[in-house]
Amino acid sequence: MSAVLDAFRFLSAVPLPARRGGEDAELAAAVAFFPLVGGVLGGLLVLTDWACGRAFPRVSHFLSAALVLAVYALFSGGLHHDGLMDTADAFWGRRTREQRLRIMKDSRAGALGVTAMALFLLVELAAIYALPAQLTVSSGRFRWAALLAFPVLGRWVMAYMCVRFPYARFEGTGAAMVGKSRARHLALATILAAAILAGCFLFLADVPLLIAVLPLAALAFAEMAGGFFSRSLGGVTGDVIGATGMLAEALALLVMTSRIPALLA
């Protein structure tokens, strides 16, 4: 239970009692429950979409897309948004490793980071708006399955980055979580993510092949991003982990908005 609470403390703005010390290994165990945090967030997004459909039936999808992004930001406390902006500021242009690490440590957001975030939100807004309520070739609520699935995939990617790649700094907030997380933590995170995705694409929507296609696409993206950051920084930081997770979510949304689900159904 302490590891579950640590996962919510680290990835969300849910008001929880402060952590009372503990070993680094206990904090690293929270990585295993990252997809569970995504599942709770996904449930809130589905509830938001349902409420918009009831309150604003004529324009429900557009308002839902905007409010889904608002609920996402409120739930996460803007943590991952900050990571994406810091990463864009650090890597947009030719800089040394030390300069990039220093920029990501700075709490201020630069013009490049703000521009990257604006473009990212536009893409996600359009993708969520375009999600169909259901596919013509399959039964079930495809839109709700997608809204539940993409936060789970993003946090599973974050767990993968924590285990797969070394930490780029000698110390920092993520040092214990990245440096001490092990394959068993990723295995549990994978089981949780697979269980939630199975619920999405077997019960909410009948597109079982997406249970394999989406994680494989997210994994390939995470591996490429992690390799790039390892070459550039010597490892990963909390900012690049959050940025990679958010970009993987956008990739998943684009896949689910495309013709691919209909072809797989």
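The table for this structure:
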{"item": "Filter result (closer than 19 Å to residue 226 by Cα and of a type in the set (Gly, Ala, Ser)) within segment 73-113", "result": "83, 88, 90, 93"}
{"item": "Which numbered condition residue 109 misses (of (1) within 30 Å of residue 15 (Cβ to Cβ); (2) in a helix (DSSP H, G or I); (3) hydrophobic (A, V, I, L, M, F, W, C))", "result": "(2)"}
{"item": "Flag if residue 159 is surrounded by fewer than 16 Cβ atoms within 10 Å (Cβ to Cβ) and within 20 Å of residue 252 (Cα to Cα)", "result": "no"}
{"item": "Total residues in segment 4-18, condition closer than 17 Å to residue 175 by Cα and exposed (fewer than 14 other Cβ atoms within 10 Å of the Cβ)", "result": "0"}
{"item": "Unique match (being assigned to a helix (DSSP H, G or I) and over 21 Å from residue 251 (Cβ atoms)) among 137, 123, 114", "result": "114"}
{"item": "Elements of type helices (runs of 4 or more DSSP H) contained in segment 165-259, each with 1 or more residues being in contact with a Ser or Thr (Cβ under 8 Å, 6 or more places away or on another chain) and either modelled with pLDDT under 95 or within 24 Å of residue 98 (Cα to Cα) (or both)", "result": "210-233, 238-257"}
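Yes/no per residue for (1) of a type in the set (Ser, Thr, Tyr); (2) in a loop (DSSP other than H, G, I, E, B); (3) within 16 Å of the chain's Cα centre (by Cα):
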residue	(1), (2), (3)
27	no, no, no
34	no, no, yes
37	no, no, yes
48	yes, no, no
58	no, yes, no
62	no, no, no
65	no, no, no
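The values are calculated or read from the model by the stated rules, or taken from the named source; none is laboratory data. Just so you know, these numbers come straight off a predicted model, no measurement behind them. For neighbour counting, all protein chains shown are included, and Cβ atoms are generated from backbone atoms with ideal geometry for every residue, glycine included.
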